[in-house]
Amino acid sequence: MTENLTTHAFRLTPGQDLRKGIQEAVNSNNIKAGWIMSGVGSLTHYHLRFANRSEGCIGIGHFEIVSITGTVSINGCHIHLCVSDANGDVVGGHLQEGCTVYTTAEIVLAATDKYVFSREQDVNTGWKELQVK
């Protein structure tokens with residue numbers, strides 16, 4: 001099989017949910033195996049789940065997206081987000097629904113048809129982990 005790489009660039013606008021917007025782009029482009037190449041923008045709310053915690057943490061204010069990375073698929077996404085506040089303090093973790101775009105979120109995804117990503121329960125970790133087929 002010859003690998004076919006594609007890119008998908010889009011902008012989320014004020015009031016949109018960052019996670020939902022990314023998942024909608026993944027679904028509408030039928031991405032079975034992809035990753036986030038680039039992402040910048042700002043938020044008024046963040047909702048992150050920190051390592052080894054079952055519940056998320058919420059922040060309200062004005063935040064810059066300083067890093068976003070992860071694997072994306074119509075079968076599930078695993079995305080990490082770091083944001084900074086007006087003082088430059090940074091917080092990061094697993095992206096949850098509830099991250100509201102302030103002015104913009106400019107996202108570029110890459111995808112390949114060489115693999116299919118899925119997320120399946122791992123008996124060793126207790127979390128849904130990446131499976132590459």
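Restriction of the GluC sites (Glu not before Pro) in region 38-133 to DSSP coil positions whose beta-carbon has at most 12 other beta-carbons within 10 angstrom yields E55, E97.
Charge dipole (Cα centre; +1 on Lys/Arg Cβ, -1 on Asp/Glu Cβ; no other charges) of the chain amounts to roughly 260 debye. Build a GNM of the chain with springs between Cα atoms under 10 Å apart, and of R53, R11, R19 the one that fluctuates most is R53.
Quick one: Debye curve from the alpha-carbon atoms of the chain only, equal weights, vacuum; give me log10 I(q)/I(0) at q = 0.16 Å⁻¹ to two decimals. Ignoring solvent entirely, the Cα scatterers give -0.80.
Considering helices alone, the calculated mean residue ellipticity of the chain at 222 nm is -2500 deg cm²/dmol, with DSSP H runs of length four and up weighted by -39500 (n - 2.57) and normalised per residue. Against the main long axis of the alpha-carbon atoms of the chain, helix 18-28 sits at an angle near 30°. Projecting label points 7 angstrom from Cα along Cα→Cβ for T103 and Q16 puts them 1.7 nm apart.
Fewest-first ordering of S54, S73, S118, S28 by other beta carbons within 10 Å of each residue's beta carbon gives S54, S28, S118, S73. Counting neighbouring Cβ atoms within 10 Å and putting the fewest first, the residues C77, C82, C57, C99 line up as C57, C82, C77, C99.
Throughout, read-outs are computed from the coordinates displayed, never taken from laboratory work. All of these numbers come straight from a predicted model, not from anything done at the bench. In this analysis, Cβ positions are derived from the backbone assuming ideal geometry, glycine residues included, and neighbour counts consider all displayed protein chains.
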